[in-house]
Amino acid sequence: GFIYTGEVVHRMLTATQYIAPLMANFDPSVSRNSTVRYFDNGTALVVQWDHVHLQDNYNLGSFTFQATLLNDGRIIFGYKEIPVAVTQISSTNHPVKVGLSDAFVVVHRIQQIPNVRRRTIYEYHRVELQMSKITNLSAVEMIPLPTCLQFTSCGPCVTAQIGFNCSWCSKLQRCSSGFDRHRQDWVDSGCPEESKDKICEKNIDTTETPLHSSTTLLPTTTKFRVLTTTRGSTTSHLPTSLPTEDDTKIALHLKDNGASTDDSAAEKKDGTLHAGLIVGILVLVLIVAAAILVTIYMYHHPTSAASLFFIERRPSRWPAMKFRRGSGHPAYAEVEPVGEKEGFIVSEQC
């Protein structure tokens, strides 16, 4: 019960990237009357789920609903047949969601493992509709607000006051806040560094034309949901739902306002730290090995210069040790002659 419009297919679509009129554990194969149809007339794409049943609760009845994507950015959810309240649908075997969510995928190279890349999914926006409002013969219309992507020249881009921190990248000839489906190109082209200046080159045409694309479907509310750790500053918005994870190591990019991360610089810094740690361990191992070898050599060659050097400077020869050893005994010995002792006469006055 959801639509995905991205290019990279991954297992976290139901958590990060979806257009869901009613996401649940539907299975069209359990009934011959169940179908999923779509129609595109050039200005609107309509997808309809017709008489679909829940796989784990067939007796609840059939659901009929549709989603319409218009080329002006509007999204309409229509509901014809909802036999039970959406809040009563079990999410044990599949999440139940109504709304929108979008994310971008960034690929990082792992320096320690050649030819291996880590893929990170950043969810940057979500719209959750109130499930209790979804009833028979109801509809929801979502109207997009302006985004940075609609500007096609530098001047209007950097001066836009639409609630986003828009920046212009001359290499890509694109206006963006850095948080959209083209994030990978934005980082690879060095646009985060260029966007700090916010200065347009001279003789640039400042005319602008509206841009209609799937990326403009999202509202402009800059709300970020934390799913896992990321290099970046925190925002004041709290998570809207519990985090979910898989082998992609979901993460949320938390930085707006031009303070985007530089993945390549971070990787270089990590590589330098790892190299320094390895060098330190090797030096310590070499010192320990040298000490062991010297000890073995002196043990088998007691008359060598090194052995004599340490023997002469052993603790028992230290002055402090000598003083401590002799403090309880006199430093001299009384010698008495054998036989009679010599007498001493003391004269007294009469």
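Residue check: is ASP50 open to solvent by less than 60 Å² (accessible area, probe 1.4 Å), touching a strand residue (DSSP E or B) at 6+ places or on another chain (Cβ under 6 Å) and charged (D, E, K, R)? Against the criterion (open to solvent by less than 60 Å² (accessible area, probe 1.4 Å), touching a strand residue (DSSP E or B) at 6+ places or on another chain (Cβ under 6 Å) and charged (D, E, K, R)), ASP50 qualifies. Would region 78-88 turn up any residue that is under 33 Å from the mean Cα position of the chain (by Cα), closer than 19 Å to GLU128 by Cβ and surrounded by fewer than 18 Cβ atoms within 10 Å (Cβ to Cβ)? There is at least one residue in region 78-88 that is under 33 Å from the mean Cα position of the chain (by Cα), closer than 19 Å to GLU128 by Cβ and surrounded by fewer than 18 Cβ atoms within 10 Å (Cβ to Cβ).
The rows are residues; the columns are (1) of a type in the set (Gly, Ala, Ser); (2) modelled with pLDDT of 90 or more.
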residue	(1), (2)
THR87	no, yes
ASN93	no, yes
ASN115	no, no
GLN130	no, yes
ASN136	no, yes
GLU141	no, yes
PRO146	no, yes
SER167	yes, yes
GLN173	no, yes
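For region 7-30, the tally of residues that are farther than 27 Å from LYS133 by Cα and either part of a loop (DSSP other than H, G, I, E, B) or not assigned by the TED database to the domain that holds ILE82 (or both) stands at 5. On the basis of being closer than 25 Å to ALA15 by Cβ, over 24 Å from the mean Cα position of the chain (by Cα) and of a type in the set (Asp, Glu), does ASP56 make the cut? So ASP56 passes the test. When ARG181 is tested against (1) at pLDDT below 90; (2) more than 24 Å from the chain's Cα centre (by Cα), only condition (2) is not met.
Results for (1) among the hydrophobic types (A, V, I, L, M, F, W, C); (2) within 24 Å of HIS125 (Cα to Cα), shown as yes or no for each residue.
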| position | (1), (2) |
| --- | --- |
| PHE26 | yes, no |
| SER31 | no, no |
| ARG37 | no, no |
| ASN41 | no, no |
| LEU60 | yes, no |
| GLY73 | no, yes |
| PRO83 | no, no |
| PRO95 | no, yes |
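When residues in region 32-47 are screened for being open to solvent by 20 Å² or more (accessible area, probe 1.4 Å) and outside any strand (DSSP E or B), 5 of them pass.
The values are calculated or read from the model by the stated rules, or taken from the named source; none is laboratory data. Everything quoted here is computed from the prediction, not taken from an experiment. Here the Cβ is made from the backbone with ideal geometry for all residues, glycine too, and neighbour counts use every protein chain on show. Accessible surface is based on the protein model in full, side chains and every heavy atom, while ligands, DNA and RNA are left aside. Shrake-Rupley method; radii C 1.70, N 1.55, O 1.52, S 1.80 Å.
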